[in-house]
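The values are calculated or read from the model by the stated rules, or taken from the named source; none is laboratory data. Treat the numbers as computed from the prediction; the structure is a model and nothing was measured. Here the Cβ positions follow ideal geometry from the backbone for every residue, glycine too, while neighbour counts run over all protein chains shown. Heads up: the accessible areas ignore ligands, DNA and RNA and are worked out on the full protein's heavy atoms, side chains in. Shrake-Rupley method; radii C 1.70, N 1.55, O 1.52, S 1.80 Å.
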Amino acid sequence: MPPIPDAIRDDFTILRAQRVETQTPLMYLMLLATTPTAAWVGAAHVHWGVRFGMPALLALLCALGLLENAQSRRRRMSLRRARILVAKTNHVSGWVGSMCSAWCVVNWLASPPENHANFAMILTMGSLATAYCLSSIRAAAILNLAVGVLPITVLMLSSGRVGEMAAASSLILATAILIRFILQGHAMLVDLLQLQAQTRDLAHTDPLTGLANRRALDDQIAQFLRPSTRARPFMLALLDLDGFKLVNDRYGHAFGDKLLCSVAARLSEAIGARGLVVRQGGDEFAILIPPHSPLITAPLADQLLIALVRPHMIDGHPITVGASVGVALWPADGADTDALFDFADKALYQAKAEAREAATPANDAAAA
């Protein structure tokens with residue numbers, strides 16, 4: 001049983017918690033329906049606490065489980081609640097399965113051979129149905145099968161009676177098929193979540209540079225802007241290349257695409273894991289610096305421009321492109337996404353204007 005990939009571990013936990021929460025009412029109702037029959041067919045010579053007490057305790061647990069499930073399903077399934085639900089299901093199903101198995105073994109040993117089939121039927125059907133309902137939580141389902149089916153199977157195989165031994169063989173086969181079904185279902189869930197993750201990554205990735213795209217940027221900013229008592233400032237920088245159109249017109253679009261990939265690599269190297277580098281489209285990039293990043297207090301624009309100073313070697317040609325950067329800090333420069341982008345965009349065009357003004361006297365001096 002291979003481990004769950006880290007990229008989908010949280011999604012997998014939530015999904016299987018949602019599934020088991022949906023399926024457990026059926027399991028509780030099924031077990032609740034078998035408790036009167038279990039008490040009725042119990043061996044006459046066993047202690048009343050075993051014959052009637054265990055079925056009554058099981059009925060109480062099922063009733064409480066139905067009530068808790070009805071209340072729980074009204075709440076949103078968070079990752080924390082999913083983890084608690086999965087862990088609780090693993091523990092509770094194991095203890096309940098052990099109690100039912102102990103009831104069956106005690107009654108089997110205290111009853112004549114002609115009544116053995118009653119206990120075997122009640123336990124095995126309950127264990128198989130319970131494992132099916134818990135199939136989304138692999139460990140809980142297999143544990144339930146082990147503690148529920150294994151003891152009664154051993155008793156049937158060691159009884160020396162052909163009918164019971166044949167029934168035990170059929171039970172082993174049915175259990176093996178169900179375990180295979182559980183493992184296949186587990187693998188299908190993993191494949192489904194990996195496919196969803198890949199689709200989500202494609203939807204949030206720029207196909208040319210491999211950077212995040214504008215949708216990913218908007219989603220990340222939306223997370224930062226969620227109401228929270230611990231909200232902290234974050235930074236948005238917009239970067240626009242200077243002279244890229246000239247390169248594109250001279251060398252062609254394929255050459256320009258390679259230049260954009262080289263710029264993207266430089267920006268990613270400069271920012272690393274301390275922020276999010278985004279290609280918005282064309283020769284426009286954005287950099288999002290989260291609240292916890294050490295770059296939040298750094299001169300970000302200078303660092304980005306320094307990263308692009310060295311010429312880019314594209315197909316043997318050294319290409320130099322400049323850039324203009326506009327930076328906005330939340331909440332000082334904008335309280336929402338639109339205001340933040342508007343401030344950074346104005347700062348970007350201000351930087352472009354200043355660069356043109358600085359270049360004009362230099363050109364005039366050269367002409368003179």
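Being at pLDDT below 85 and of a type in the set (A, V, I, L, M) is a property that Val46 has. From the list Ala197, Ala174, Ala212, Ala216, pick out the single residue that is small (Gly, Ala, Ser), more than 30 Å from Asp257 (Cβ to Cβ) and either buried (at least 19 other Cβ atoms within 10 Å of the Cβ) or out of contact with any strand residue (DSSP E or B) (no Cβ under 8 Å at 6 or more places or on another chain) (or both). From the options Ala197, Ala174, Ala212, Ala216, the qualifying one is Ala174. Of all the residues in region 146-158, those that are open to solvent by less than 30 Å² (accessible area, probe 1.4 Å) and either closer than 23 Å to His91 by Cα or not aliphatic (A, V, I, L, M) (or both) number 4.
Could we say that Leu143 is open to solvent by 60 Å² or more (accessible area, probe 1.4 Å) and within 24 Å of His91 (Cβ to Cβ) here? It is true that Leu143 is open to solvent by 60 Å² or more (accessible area, probe 1.4 Å) and within 24 Å of His91 (Cβ to Cβ). Checking region 189-196 against the condition returns no match, with no residue being under 26 Å from the mean Cα position of the chain (by Cα), at positive phi and in contact (Cβ under 8 Å) with a residue 12 or more places away in the chain.
For Gly252, the conditions (1) under 35 Å from the mean Cα position of the chain (by Cα); (2) surrounded by fewer than 20 Cβ atoms within 10 Å (Cβ to Cβ) all hold with the exception of (1).
Out of region 265-315, which residues are among the acidic types (Asp, Glu) and either crowded, with 20+ Cβ neighbours inside 10 Å or within 29 Å of the chain's Cα centre (by Cα) (or both)? Of everything in region 265-315, those that are among the acidic types (Asp, Glu) and either crowded, with 20+ Cβ neighbours inside 10 Å or within 29 Å of the chain's Cα centre (by Cα) (or both) turn out to be Glu269, Asp283. Based on this model, can you work out whether Thr320 counts as under 32 Å from the mean Cα position of the chain (by Cα) and open to solvent by 30 Å² or more (accessible area, probe 1.4 Å)? In short, no. Within the set Ala139, Ala120, Ala167, the sole residue that is in a helix (DSSP H, G or I), of a type outside the set (D, E, K, R) and closer than 19 Å to Gln184 by Cβ turns out to be Ala139.
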